[in-house]
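Enquirer: Before I ask anything, let me first share the structure, which is written out below as structure tokens.
The values are calculated or read from the model by the stated rules, or taken from the named source; none is laboratory data. Fair warning: this is a prediction, and the values are worked out from it, not measured in the lab. So basically every Cβ, Gly included, is an ideal-geometry build from the backbone, and we count neighbours across all protein chains shown.
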Ligand SMILES: [Fe+2]
């Protein structure tokens, strides 16, 4: 593709696929959901949302729009933040009883991911765990389409409205895993920045670092040409590695984070910054949905698996709870210090997109420059100071590493190889930063 990063390799992939929903972006576009649903042939819609949004203005806008388009609507809101298999089973039961012909989800990643997975159970049966890869589940394939789905984002981080994955907690194992299938990609996504106007600062910060890491991980992931050639067009996984398309979206998303994250967190009135962050989250979602993330996300799963007795203020959920974006960012500066050695130029460019002071820096400085910029952004947005600030001590490092090693596909998408000892070292260096 005319870029050295994607140079052909022996037995490596020589093509990549880009998938995304029909995307509508702009203030006021949530009220278009009715007409868009009707166009997709929906006549009876299940509106998935969360308990906090259910009685608020956004669900009212969506609901009225659907009704005005002549569509019957029933709302399902029994979804927990960081959804689990129980949320999905309840959602699937709701779908079965209601005989719906379409789904509209209005919420953050928790809501959209629950809607996707509930439709999998409705259309293809089985239990949630069956669809996870072995040894956790049976790796049951999703054999065909789901119901038509319009995903309407209400946060500026997850990007789930534009991805074909669902991240779910399996209660029995107390840990999160990913289900991925091209059939889980929503048919349409609506990104209306008015949905983020009332988000509290801590949510904008946490989701902003999720988007920041989505973009950085895409940009620094192994090139698609270094992933094995696929056996058939339908066998291509969404974790296909960095490619020119994901790189393009990730670059813009990083620039948005560099320019607007601190402003959007610290000034609720700064609609320019918040609108930009929502656009950045969508771009980063499209980017990682077509490349996969790597170590920062893989290692966040160890954190949420083993968190214990930690309460995060401002979220309607009981302990233990660490928001997804925080579970990613607490280890990320340490991880990028490690991975920079493999692709220093890409890491240095990432730092520059985030507006780091990289004057006079050489590729040898890449890890340090990027990590310092991330730490500065964390300080400016009142993030926890590393793993120790969310309840972990050095004696937990070994268990964290062992837990995260189960995320093999994401770990293999990192630019530098790592084993359990490397993960332990990265966690140790993430205990505190300042
Ligand atoms: Fe994420």
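Enquirer: Among the residues of the range 119-129, write down those that are farther than 21 Å from residue 188 by Cα and more than 22 Å from the chain's Cα centre (by Cα).
Expert: 124, 125, 126, 127
Enquirer: Okay, moving on. Can you tell me which residue in the range 279-309 is nearest to residue 198 (Cα to Cα), limited to those that are away from the ligand (no atom under 15 Å from the Cβ) and out of contact with any strand residue (DSSP E or B) (no Cβ under 6 Å at 6 or more places or on another chain)?
Expert: 279
Enquirer: Within the range 189-199, does at least one residue satisfy the condition of being modelled with pLDDT of 95 or more and within 16 Å of the ligand (Cβ to nearest atom)?
Expert: Within the range 189-199, not a single residue is modelled with pLDDT of 95 or more and within 16 Å of the ligand (Cβ to nearest atom).
Enquirer: Only one of (1) surrounded by 24 or more Cβ atoms within 10 Å (Cβ to Cβ); (2) under 21 Å from residue 239 (Cβ atoms); (3) within 14 Å of the ligand (Cβ to nearest atom) is not met by residue 186, so which one is it?
Expert: It fails just one condition, (3).
Enquirer: In this structure, does residue 106 turn out to be closer than 27 Å to residue 301 by Cα, surrounded by 24 or more Cβ atoms within 10 Å (Cβ to Cβ) and modelled with pLDDT of 95 or more?
Expert: yes
Enquirer: What residue, of 247, 231, is out of contact with any helix residue (DSSP H, G or I) (no Cβ under 8 Å at 6 or more places or on another chain) and either closer than 28 Å to residue 341 by Cα or assigned by TED's automatic domain parsing to the domain that holds residue 381 (or both)?
Expert: 231
Enquirer: Also: Would you mention how many residues in the range 358-390 are assigned to a loop (DSSP other than H, G, I, E, B) and free of Cβ contacts under 8 Å to residues at least 60 places away in the same chain?
Expert: Total satisfying the criteria: 8.
Enquirer: Give the range 129-145 a look and list any residue that's in contact with a helix residue (DSSP H, G or I) (Cβ under 7 Å, 6 or more places away or on another chain) and outside any loop (DSSP other than H, G, I, E, B), or say none.
Expert: 129, 131
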